[in-house]
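One structure is given here, and the rest of the page talks about it.
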Amino acid sequence: MNQPSRQARRSSLPPVRDQHETAFTRILAELVTRVPGARAAALVDLEGETVDYSGFLRPYDVKVAAAQWRIIIDDVRLRPLLARTNFIATRATRSSYQVHVLPEGYALVLVLSRAAGFGGWHRAVASCCSALAREASWRTTGSGAPTWYGVAVIADARRRPLALGRTPRARTLEVLGAVASGMHRRERGWRVRLDDGVEATLVREAGGHWYVDEIRALPEPGPHGK
């Protein structure tokens, strides 16, 4: 498998894009910022073509990785005992990779640094997949896996949540209690009630990113979907 160039891997700025940004670009960019060690993410179709991408690697490298992992997961799913495979994670010599099967023949490919662990991605990927599905109007069926949505949070000095979203569209909340079940080390969770009575679980991960498990708790998007 072709590997990203050393110069591309070390760059801290996104390279020049070779295609126009779409509504998916922002969603993929947020995924890259939320997953520890992530270098790039791509949305790839059934034919192995990259629909959109974001990250810090050269577009060519991202698209080659996306096409190759599309082939790999399709080959895996042709085997009867693995026909329902919807996720692969692999650590290679220079990079690590994840590929997630999406509705209607699409897939999400995530390129990570070689030393990146495979922790801290579950809620970020769930949030990304939900956002992609909403943007693309995919027909989805419940997988039974928890659904999470990335959200901005206004917190106090102790990093306890005060409101969801950003001013002026922030939604005030009331903390009902702490959540301990299902939390990993350095994570904090709260059960909260929003200003309209909707209740949800709110989690702050170790990296400082926030997630909520109830779509009705999300603030209304502002201009340009922000």
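Just a few scattered comments:
- Flag for V175 being crowded, with 19+ Cβ neighbours inside 10 Å and not in a loop (DSSP other than H, G, I, E, B): no
- Matching entry among V109, V125 (being under 16 Å from I27 (Cα atoms), within 19 Å of the chain's Cα centre (by Cα) and either assigned to a strand (DSSP E or B) or not assigned by TED's automatic domain parsing to the domain that holds A42 (or both)): V109
- So V153, is it of a type in the set (V, I, T) and touching a Gly at 6+ places or on another chain (Cβ under 9 Å): yes
- Of the candidates A163, A116, A157, A131, the single residue that is in a helix (DSSP H, G or I) and farther than 24 Å from A83 by Cβ is A131.
- Scanning region 56-95 for residues that are out of contact with any Lys or Arg (no Cβ under 6 Å at 6 or more places or on another chain), within 20 Å of G119 (Cβ to Cβ) and not aromatic (F, W, Y) yields N86, I88, A89, T90, R91, A92.
- Flag if A8 is of a type in the set (G, A, S), buried (at least 16 other Cβ atoms within 10 Å of the Cβ) and at pLDDT below 95: yes
- Taken residue by residue, region 108-123 has at least one member that is touching a residue at least 60 places away in the same chain (Cβ under 8 Å) and among the hydroxyl-bearing types (S, T, Y).
- Of everything in region 178-206 that is in contact (Cβ under 8 Å) with a residue 40 or more places away in the chain and surrounded by fewer than 18 Cβ atoms within 10 Å (Cβ to Cβ), the residue that is farthest from the chain's Cα centre (by Cα) is H184.
The values are calculated or read from the model by the stated rules, or taken from the named source; none is laboratory data. Bear in mind that the values here come from a model prediction, so they are computed numbers and not experimental data. In this analysis, Cβ positions are derived from the backbone assuming ideal geometry, glycine residues included, and neighbour counts consider all displayed protein chains.
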